[in-house]
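For reference, the structure is listed below as structure tokens.
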Amino acid sequence: MSENSPDSSGKIGYVVLGATKAEGGTRTVSFRLGGESDLPFIGMNTGQGSIPLVAFEICDDPEYWSPIVTSYTGDLSNDAREWAGVAEKQYGADIIRLYLTSTKRRGFDNFSSITTVMEEVLSGTGLPLVVEGSNEPAIDSDVFQRCGEAGEGERLLLGTAEAGRYRSVAAAALAYHHSVLAQSPIDINLAKQLNILLREIGVKADHIMIDPYTGTLGYGFEYSYSVMERIRSAALKGDTDLAMPMITSATDSLSVKEVREADPAALEDIAVEWEFYAALSSAIAGSSVVCVRHPKTVPLLKSAFRELWAGKMPGEA
Amino acid sequence: MALKALDIYKLLPKKNCKECGDPTCLTFAMKLASGKGDLEKCPYLDPGAKNILGASTRPPIQLVKIGVGERRFAVGEEFVLFRHEKTFYHPPGIMFEVSDLWSGKEIEAVTRRVGSEHYVRVGTDLTFSGVAIRNESGDPDQFAEAVGVVEATGTHVPEVLMAHDPAVQEAGLKKCGNFRPLIYSATIDSYKPLCALAKKFGSPLVVSAKDLLSLGELTKLCNAEGINDLLLDLSFPSLREYIPAATEVRQKSILRSAPELGYPVFLDTTRYPMQDAALILGIDKYAGVIVTRALSPASSVAALTLRQNIYTDPQKPIQMNPGIYPVGNPGKESPVLLTVNFSLTYFTVQGYLESSRVPCYMFIVDTEGLSVLTAVAAGKLNEALVRDSIKKFDLEHLVSHRRLIIPGYASPLSGKIEEETGWKVLVGPRDAAEIGDYLAKEWKS
Ligand code: SF4
């Protein structure tokens with residue numbers, strides 16, 4: 001450990017996302033996140049930790065997606081299978097994060113369609129998946145059950161668990177051996193509390209990722225940035241209830257005034273920079289996976305991480 | 001080594017005369033111990049004590065002022081490694097590069113842009129900080145001419161003179177030396193003549209060396225020449241080295257374990273393939289002065305917003321005044337949407353409501369600046385607050401209906417609010433982005 005570390009002994013725990021054939025799944029790659037025992041981008045010369053990964057966010061019903069993205073992708077966003085494939089092969093994402101936005105439709109009850117979408121996306125890409133189930137507590141249990149089952153063996157990250165609303169997602173994760181994305185509202189104590197709740201009902205620490213909730217640039221980002229730094233510091237000081245890798249997504253980036261109302265000629269550039277500035281800063285504050293929605297942000301982040309990272313690359317022993 | 005307040009107190013005159021602006025010598029000593037006092041304020045201190053105290057009571061990171069007039073800025077004087085431990089005080093100056101190989105027109109355009117470009121965000125005016133004039137011609141006259149072009153714009157923006165050759169540097173300083181430009185940069189080979197120039201013109205000086213150890217040695221040599229207003233150049237060959245080096249400098253200087261590194265950091269982002277990435281690193285991690293090529297419009301807003309975010313005081317909740325805020329031209333039948341007085345929540349929700357084009361009232365209740373999620377969890381947002389706020393802002397006379405839309409995250413409170421107020425509660429979406437859709441589908445007046 002370097003002399004720059006806060007006083008201590010702690011270490012970020014590991015979480016594995018995705019399972020290859022040899023590991024019982026069908027993914028072409030899997031990632032072991034975590035393992036850092038120093039501040040972000042510092043201890044890597046000593047061979048610890050892993051390079052931050054970039055997740056590209058897609059959805060199964062683009063009506064609920066930013067027009068900035070859908071006007072860029074065109075018809076592609078109507079086909080989650082193909083979109084996932086393009087995100088892997090053309091955008092260069094490491095992970096696909098699928099939002100089941102179709103469940104937002106009023107009175108949604110077509111649960112078998114979830115299984116279909118899951119199967120399509122799993123066949124469209126070989127990358128590990130993060131899956132965001134329903135937004136509506138009444139149908140959580142049905143939705144998560146289908147997601148979990150369709151992805152059995154693939155070591156998904158299932159989201160989103162929140163205080164007061166984590167049982168359905170945790171049950172599906174436990175039943176089919178997935179990990180849980182645990183989101184708390186920009187508050188280190190609530191993050192800790194949720195992790196404890198999850199562990200009490202049987203979710204193991206190495207199956208939890210922390211989402212501290214990311215306000216976008218100019219809209220609360222400073223709070224999120226500091227909560228990430230606090231969580232990372234607490235983990236390094238030995239708090240095992242906070243020693244899980246973090247996943248962050250400034251999901252409002254494409255809808256804030258500065259971006260939405262930008263001059264049409266500059267709109268795409270502003271959208272990309274707004275995501276890039278928040279995502280790179282989140283990684284600097286300690287996030288292991290950063291999620292973005294604009295295709296052009298992915299290669300920017302990947303090159304920035306490669307430029308900053310001196311440690312092991314994924315897959316290297 | 002830092003002295004404790006009591007050790008400092010022993011060295012003070014103990015007159016308790018208040019001339020330093022503090023009520024007693026002891027409180028003055030406590031201020032000095034925390035690095036925030038100014039020794040010069042006590043007129044009765046004997047020179048011996050002054051010498052002892054001088055070294056150990058200056059702020060752990062030297063305060064360095066750059067430029068003069070309205071646009072001058074200061075960097076350094078920071079006390080913590082993480083902003084949540086207290087706050088960061090002095091945001092980095094972002095300086096746009098120009099070259100003495102450019103035409104006068106090009107130099108003038110960049111300078112004027114720095115002079116006039118600004119964005120207003122959350123009531124604050126955000127601007128870039130100055131111009132960095134780089135000597136690429138190798139010619140003193142050409143450099144002086146370029147400096148002259150910047151000066152002639154009359155923008156009075158702070159400058160960095162980027163010339164390693166002391167003769168060239170001097171030619172530039174002759175044009176603008178009265179305006180406290182930052183001199184870049186002294187190395188082990190050039191520090192003597194450059195320190196002499198820094199002294200002559202009262203300018204701060206950047207020092208460059210291959211690693212932190214050599215930088216520390218160089219600052220001591222500069223101190224011996226009488227120069228204390230220094231910046232450390234951490235623009236090492238690989239951007240990878242920046243975060244570890246900047247963190248080590250910050251950590252050692254605040255612990256005062258390496259006073260020779262107790263200076264603000266200088267970062268030249270133009271030498272890296274990804275200038276934006278370097279700029280983000282500098283803003284997030286401790287830079288005092290950052291040189292960049294003029295930023296694109298998209299990067300400009302993002303960079304200034306990030307700098308504002310990182311340098312906002314984290315202890316201070318950002319609040320709106322509670323009350324009723326109309327959006328569009330609402331009438332007696334228009335919907336009323338309750339939310340909290342966390343200003344970012346307000347601005348986000350307001351943005352979506354405006355674009356939904358449904359005239360409505362925003363009903364802002366006082367959660368002491370907490371977000372909806374946190375206010376619900378902490379019990380700050382509760383039925384009694386809603387009841388009292390309805391009375392206080394006279395909502396009952398403002399609209400003829402009795403329906404209140406609450407944020408999705410406040411749904412656990414819906415029953416209690418109905419009981420307490422007699423209003424019908426409708427649970428809105430959790431995500432502000434969905435509010436337009438929600439109103440279109442759910443609101444029938
Ligand atoms: S001015 Fe000096 S002597 Fe007077 S109260 Fe302050 S510290 Fe004490």
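From the list B:ARG121, B:ARG134, B:ARG113, B:ARG180, exactly one residue is charged (D, E, K, R) and at pLDDT below 95. Which is it?
Answer to the selection: B:ARG121.
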Selection from the range A:217-259 of residues among the charged types (D, E, K, R), surrounded by fewer than 24 Cβ atoms within 10 Å (Cβ to Cβ) and modelled with pLDDT of 90 or more yields A:GLU229, A:ARG230, A:LYS237, A:ASP239, A:ASP241
Which condition breaks for A:GLY164 when tested against (1) closer than 23 Å to A:CYS291 by Cα; (2) within 14 Å of chain B (Cβ to nearest Cβ)? (1)
In the set B:PHE79, B:PHE73, B:PHE88, the lone residue that is more than 16 Å from the ligand (Cβ to nearest atom) and within 14 Å of chain A (Cβ to nearest Cβ) is B:PHE88
Does B:PRO59 fit the bill of being within 30 Å of B:VAL291 (Cα to Cα) and within 14 Å of another protein chain (Cβ to nearest Cβ)? no
Only one of B:ALA410, B:ALA377 is closer than 21 Å to B:LEU344 by Cα, buried (at least 16 other Cβ atoms within 10 Å of the Cβ), without any contact (Cβ under 8 Å) to a residue 12 or more places away in the chain and within 14 Å of chain A (Cβ to nearest Cβ). Can you tell me which? B:ALA377
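So that you can scan it fast, the table gives a plain yes or no per residue for (1) within 14 Å of another protein chain (Cβ to nearest Cβ); (2) assigned to a strand (DSSP E or B); (3) farther than 24 Å from B:GLN62 by Cα; (4) of a type in the set (Lys, Arg):
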site	(1), (2), (3), (4)
B:LEU279	yes, no, no, no
B:ILE283	yes, no, no, no
B:VAL289	no, yes, no, no
B:SER300	yes, no, yes, no
B:PRO326	no, yes, yes, no
B:SER334	no, no, yes, no
Quickly run through the range A:288-297 and pick out the residues that are touching a helix residue (DSSP H, G or I) at 6+ places or on another chain (Cβ under 6 Å) and either among the basic types (Lys, Arg) or surrounded by 24 or more Cβ atoms within 10 Å (Cβ to Cβ) (or both). A:VAL290, A:VAL292, A:ARG293, A:HIS294, A:LYS296, A:THR297
Can we say B:ASP22 is under 28 Å from B:VAL206 (Cβ atoms) and surrounded by fewer than 20 Cβ atoms within 10 Å (Cβ to Cβ)? no
Collect the residues in the range A:273-305 that are part of a helix (DSSP H, G or I), closer than 13 Å to A:ALA93 by Cα and either away from chain B (no Cβ under 12 Å) or not aliphatic (A, V, I, L, M) (or both), keeping them in residue-number order. A:THR297, A:VAL298, A:PRO299, A:LYS302, A:SER303, A:PHE305
Regarding the range B:427-437, can at least one residue be identified that is more than 14 Å from B:CYS360 (Cβ to Cβ), surrounded by 19 or more Cβ atoms within 10 Å (Cβ to Cβ) and touching a Pro at 6+ places or on another chain (Cβ under 9 Å)? yes
Among (1) in contact (Cβ under 8 Å) with a residue 60 or more places away in the chain; (2) surrounded by fewer than 17 Cβ atoms within 10 Å (Cβ to Cβ), B:LYS192 falls short only on (1)
Among (1) facing chain B (nearest Cβ under 8 Å); (2) more than 16 Å from the chain's Cα centre (by Cα), there is one condition A:ALA205 misses while meeting the rest; what is its number? (1)
Condition set within 8 Å of the ligand (Cβ to nearest atom) and of a type in the set (Asp, Glu), scope the range B:1-54, selection farthest from the other protein chains (Cβ to nearest Cβ): answer is B:GLU19
Look at the range B:341-355 and say how many of its residues are farther than 10 Å from B:ALA433 by Cα and more than 10 Å from chain A (Cβ to nearest Cβ). 2
Tally of residues being more than 14 Å from chain B (Cβ to nearest Cβ) and surrounded by fewer than 24 Cβ atoms within 10 Å (Cβ to Cβ) across the range A:131-142: 3
Collect the residues in the range A:268-305 that are under 20 Å from A:LEU76 (Cβ atoms) and of a type in the set (Gly, Ala, Ser), keeping them in residue-number order. A:ALA271
Please work out which one of (1) surrounded by fewer than 24 Cβ atoms within 10 Å (Cβ to Cβ); (2) among the aromatic types (Phe, Trp, Tyr); (3) without any contact (Cβ under 8 Å) to a residue 60 or more places away in the chain is the condition A:TRP274 fails and give its number. (1)
Let me spell it out: the conditions are (1) within 18 Å of B:ALA375 (Cα to Cα); (2) part of a strand (DSSP E or B); (3) not small (Gly, Ala, Ser), and B:LEU426 meets all of them except one. Which number is the exception? (1)
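Matching residues to (1) buried (at least 18 other Cβ atoms within 10 Å of the Cβ); (2) within 29 Å of the chain's Cα centre (by Cα); (3) under 30 Å from B:SER214 (Cβ atoms):
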residue: B:PHE88; (1), (2), (3): yes, yes, yes
residue: B:VAL110; (1), (2), (3): yes, yes, no
residue: B:GLY138; (1), (2), (3): no, no, yes
residue: B:PHE143; (1), (2), (3): yes, no, yes
residue: B:ASN178; (1), (2), (3): no, yes, no
May I ask you to list pairs of residues, at least six apart or on different chains, whose Cβ atoms are under 9 Å apart, with the first in the range B:16-32 being more than 14 Å from B:LEU45 (Cα to Cα) and the second being among the acidic types (Asp, Glu) and near the ligand (Cβ under 6 Å from one of its atoms)? B:MET30/B:ASP22; B:LYS31/B:ASP22
Among the candidates B:SER103, B:SER99, single out the residue that is more than 16 Å from the ligand (Cβ to nearest atom), more than 14 Å from every other protein chain (Cβ to nearest Cβ), out of contact with any His (no Cβ under 9 Å at 6 or more places or on another chain) and farther than 30 Å from B:ARG307 by Cα. B:SER103
List, please: which pairs have Cβ atoms under 6 Å, are six or more places apart or on different chains, and start with a residue in the range A:225-242 that is farther than 20 Å from B:GLN315 by Cβ and end with one that is part of a helix (DSSP H, G or I) and charged (D, E, K, R)? A:ASP241/A:LYS192; A:LEU242/A:LYS192
Kindly evaluate B:LYS65 against the criterion of being of a type in the set (Lys, Arg) and either within 14 Å of the ligand (Cβ to nearest atom) or within 14 Å of another protein chain (Cβ to nearest Cβ) (or both). no
Looking at (1) more than 23 Å from A:LEU181 (Cα to Cα); (2) at pLDDT 95 or above, which is the only condition A:ALA278 fails? (1)
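The values are calculated or read from the model by the stated rules, or taken from the named source; none is laboratory data. Here the structure is a predicted model, which is why all the values come from computation and not from measurement. A quick note on method: Cβ atoms are made from the backbone with ideal geometry, for glycine too, and the neighbour counts reach across all protein chains shown.
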